[in-house]
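Colleague: If you scroll down you'll find the structure; I have some questions about it.
The values are calculated or read from the model by the stated rules, or taken from the named source; none is laboratory data. Remember, predicted model here, so these are calculated numbers, not experimental data. Note: ideal-geometry Cβ built from the backbone for every residue, glycine included; neighbour counts use all protein chains shown.
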Amino acid sequence: MCYCLIVFHMDVDSVESTVSAGDIARLVDVGRAAVSNWRRRYADFPRPVGGTASSPLFSLAEVEEWLRRNGKRYELSAAERAWQRLRATGGDLRLGELVLRAGEALLAGVGTADWPDPELPRLLDELAAERGPADGFEFLYQRYAESHPRRLGATDPAVADIMAGLVCSPGATVLDPACGTGTLLLRAPAGRVLGQEVDGVAAGIATVRLRLRERDADIVAADSLRADAFADVEVDTVVCDPPFHERGWGFAELTSDPRWVHGVPPRGEPELAWAQHCLAHVRPGGLVAILMPPVAASRRSGRRIRGNLLRAGALRAVVTLGAAGPDLWVLRRPAPGDPPPAHLLLLDAADDPAAVLPAWRAHLAEPAAEPALRIVDLLDDHIDVSPARHRRRGGPAVADEYHAAARRLRGTALVAPDLGVAEPAGDVPGITVGELAKAGLLTIRHAPARVGTGGGPHPVLTADDLAAGRPPGERAADATGLVEVRPGDVVASPAGLARVATAPAFLGPGLIRVRVDPARLDPDFLAGVLRTAPRPHTASTRIDVRRTRLPRLGLAEQRRYGRAFRELVVLSDGLQEAAELGERVVRLGFDGLITGALRPR
């Protein structure tokens, strides 16, 4: 197990517990719409003290006073008070470390004297008395997961139950080489559990969660592909939800690795590296349940490895769990003398996840029964093991999936913002971003030219992530010298991309952080102007953020424009998602017409 020393320097008097609108709704047992209504109706409702325009934070003390003054009954448990105090003390980037430290205190059963906030030991004692150490920490963890869903990316508990049910047995030794905060290992009915996780804080949280449930756990903080902590260990079962599409997984230094029994994973196929890593760690005859992106079943670059897995009898099932993934692959390490199986189970359970376990048991009893396919029929030029690709000829499954996808496409409800026609206003006075910086309304920071990515606990936002509106796609081991991004910051690129950050991260190369004073300048307004800034009349198409000119508008008017800009960004992202769904509809339509499952009307 890896322990880390966490040191905080903070003015204790400045710690103030804050709550979001969702937290307030939970306190009073009402919907979030009721809280929004109170903000509009009551002039004395507390003003935000932090957060962003779209996700404001309020002083807990002020909210409590307002609720009492207006006769609204509420319940603030010891657990809720402990969570709010932790969040106020740690901030976004340090919150995970504080949650881990709280878990270690609950596990030890003793407080510590050197907390940055002397109230926290007492609140944790009350939390343990109220809920018990295990359930108390799970409450803190769930609140942390809700506030940082993209950063943690925890496995869906329902999916974790399916995976454990497929391959785990009581008393077995189970490994998760990308264990995150331990959700999969907690669901496994195992004797001993082993885990590895590149993020040290997440690995610590996993250890605490498992130890508080009295599980025999050994969790190591390190990169499994590059620094395998269990290199000589074979276990009964492996479960894994690996990071998808991670470009810096170690292709160059791992090309000759002995784990690649079924072929060297292509640079763009890290998931096939994870699948073979998992197979290398189960004993002969042991099972692996691993989540994979849907494209891993059909991508041309991975067809050689898929073919080798099929020929060796290592790939036993591919299950679709949702319209947008992930898929679940079941692998088995062949034992000496085992005859290779003749059939592969291909199952689409997107609409009925409860069917997965019965279908697997039925397949084990009768391998040739539907929806299994003969492996020899899959070994063509494509070696496509997508369940949607191999429906029974003329059967209803393709038709059902086509119509379901078409309904989802029609239901995307993409609507353009309701924008009125403006009266001609002539020239509007303007001001540049550089002038705003000089006036103290914002600060500008550029990312370093080189950022050491390739694994680590610190999320790094890249230009590709910014363009796609997705969470950070890279990780850094050392944050020294990196530019921190907080929710509410505007992140821009010289290519004309700009978004308001919704989660903490660090800037990747080529990006710019603009931190505004939200009481004087609306971040969504600034991001919208940066996205539409005219290109310079030079050979370069790159935008100089400092020279970008904003119209001089009052804060209320900025926020009106900011809301419209934000709605347009949401529309743009929705159109990208609809395009992907549209491609699925087209592919299913062609497949259905060719196979006879669909016909023209």
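Colleague: Among the listed residues GLU271, GLU253, identify the single one that is in a loop (DSSP other than H, G, I, E, B), under 28 Å from ALA463 (Cα atoms), of a type in the set (Asp, Glu) and touching a residue at least 12 places away in the same chain (Cβ under 8 Å).
Modeller: Of the residues listed, the single one that is in a loop (DSSP other than H, G, I, E, B), under 28 Å from ALA463 (Cα atoms), of a type in the set (Asp, Glu) and touching a residue at least 12 places away in the same chain (Cβ under 8 Å) is GLU253.
Colleague: Then there is this: Please tell me if GLN196 is buried (at least 18 other Cβ atoms within 10 Å of the Cβ) and not in a helix (DSSP H, G or I).
Modeller: yes
Colleague: Just name the residue that is surrounded by the fewest Cβ atoms within 10 Å (Cβ to Cβ) out of those in the stretch 145-170 that are modelled with pLDDT of 90 or more and outside any helix (DSSP H, G or I).
Modeller: The qualifying residue surrounded by the fewest Cβ atoms within 10 Å (Cβ to Cβ) is PRO170.
Colleague: Moving to a separate point now. Return only the number of the condition from (1) crowded, with 16+ Cβ neighbours inside 10 Å; (2) assigned to a strand (DSSP E or B) that LEU436 does not satisfy.
Modeller: Among (1) crowded, with 16+ Cβ neighbours inside 10 Å; (2) assigned to a strand (DSSP E or B), the lone unmet condition for LEU436 is (2).
Colleague: Conditions first: (1) under 30 Å from ALA476 (Cα atoms); (2) part of a loop (DSSP other than H, G, I, E, B). LEU291 passes all but one, so which condition is the exception?
Modeller: Of (1) under 30 Å from ALA476 (Cα atoms); (2) part of a loop (DSSP other than H, G, I, E, B), only one is false for LEU291: (2).
Colleague: Hey, which of the helices (runs of 4 or more DSSP H) in the stretch 333-414, taking only ones fully inside, have at least 3 residues that are touching a Leu at 6+ places or on another chain (Cβ under 6 Å)?
Modeller: 356-365, 397-410
Colleague: I want to confirm something. Restricting to the stretch 497-534 and keeping residues that are in contact with a strand residue (DSSP E or B) (Cβ under 7 Å, 6 or more places away or on another chain) and among the basic types (Lys, Arg), which single residue is modelled with the lowest pLDDT?
Modeller: ARG531
Colleague: While we're here: Out of all the residues in the stretch 4-19, is one or more buried (at least 19 other Cβ atoms within 10 Å of the Cβ), among the hydroxyl-bearing types (Ser, Thr, Tyr) and modelled with pLDDT under 85?
Modeller: Looking through the stretch 4-19, at least one residue is buried (at least 19 other Cβ atoms within 10 Å of the Cβ), among the hydroxyl-bearing types (Ser, Thr, Tyr) and modelled with pLDDT under 85.
Colleague: In the stretch 56-101, what count of residues is obtained for those that are within 24 Å of ALA505 (Cβ to Cβ) and small (Gly, Ala, Ser)?
Modeller: Of the residues in the stretch 56-101, 4 are within 24 Å of ALA505 (Cβ to Cβ) and small (Gly, Ala, Ser).
Colleague: I've got another one for you. Just the residues that are assigned to a strand (DSSP E or B) and under 24 Å from ALA296 (Cα atoms), please, taken from the stretch 225-244.
Modeller: Listed by number, the residues that qualify are THR237, VAL238, VAL239, CYS240.
Colleague: Would you confirm whether or not the stretch 271-293 contains a residue that is surrounded by fewer than 24 Cβ atoms within 10 Å (Cβ to Cβ), more than 25 Å from VAL174 (Cα to Cα) and under 27 Å from the mean Cα position of the chain (by Cα)?
Modeller: No - not one qualifying residue is present in the stretch 271-293.
Colleague: Of all residues being among the charged types (D, E, K, R) and buried (at least 16 other Cβ atoms within 10 Å of the Cβ) in the stretch 230-270, which is modelled with the lowest pLDDT? Just the residue, please.
Modeller: My answer is GLU246.
Colleague: So, one more: Taking the stated definitions as given, is VAL35 closer than 17 Å to GLU80 by Cβ and at pLDDT 85 or above?
Modeller: Yes, satisfied.
Colleague: Please work out which one of (1) in a loop (DSSP other than H, G, I, E, B); (2) surrounded by fewer than 21 Cβ atoms within 10 Å (Cβ to Cβ); (3) of a type outside the set (A, V, I, L, M, F, W, C) is the condition GLN142 fails and give its number.
Modeller: GLN142 satisfies every listed condition except (1).
Colleague: Also: Restricting the first residue to the stretch 71-93 and requiring it to be in a loop (DSSP other than H, G, I, E, B), which pairs with a second residue that is among the β-branched types (Val, Ile, Thr) and at pLDDT below 80 meet a Cβ separation below 9 Å and a spacing of at least six or different chains?
Modeller: Short answer, once both residue conditions are applied: LYS72/VAL30.
Colleague: Moving on to the next point. Report every pair of residues separated by at least 6 positions or lying on different chains whose Cβ atoms are under 7 Å apart, first residue within the stretch 289-314 and within 16 Å of CYS240 (Cβ to Cβ) and among the aliphatic types (A, V, I, L, M), second surrounded by fewer than 18 Cβ atoms within 10 Å (Cβ to Cβ) and at pLDDT below 95.
Modeller: Pairs that qualify, where the first residue is within 16 Å of CYS240 (Cβ to Cβ) and among the aliphatic types (A, V, I, L, M) and the partner is surrounded by fewer than 18 Cβ atoms within 10 Å (Cβ to Cβ) and at pLDDT below 95, are ALA314/PRO334.
Colleague: Among the residues of the stretch 355-386, write down those that are under 17 Å from THR320 (Cα atoms), in contact with a helix residue (DSSP H, G or I) (Cβ under 9 Å, 6 or more places away or on another chain) and at pLDDT below 90.
Modeller: Matches in the stretch 355-386: PRO371 only.
Colleague: Something else about it: Name the pairs whose Cβ atoms lie under 9 Å apart, with the first residue in the stretch 209-222 and more than 11 Å from PRO177 (Cα to Cα) and assigned by TED's automatic domain parsing to the domain that holds ALA172, the second among the acidic types (Asp, Glu) and in a strand (DSSP E or B), and 6 or more positions between them or separate chains?
Modeller: Close Cβ pairs satisfying both conditions: LEU210/ASP216.
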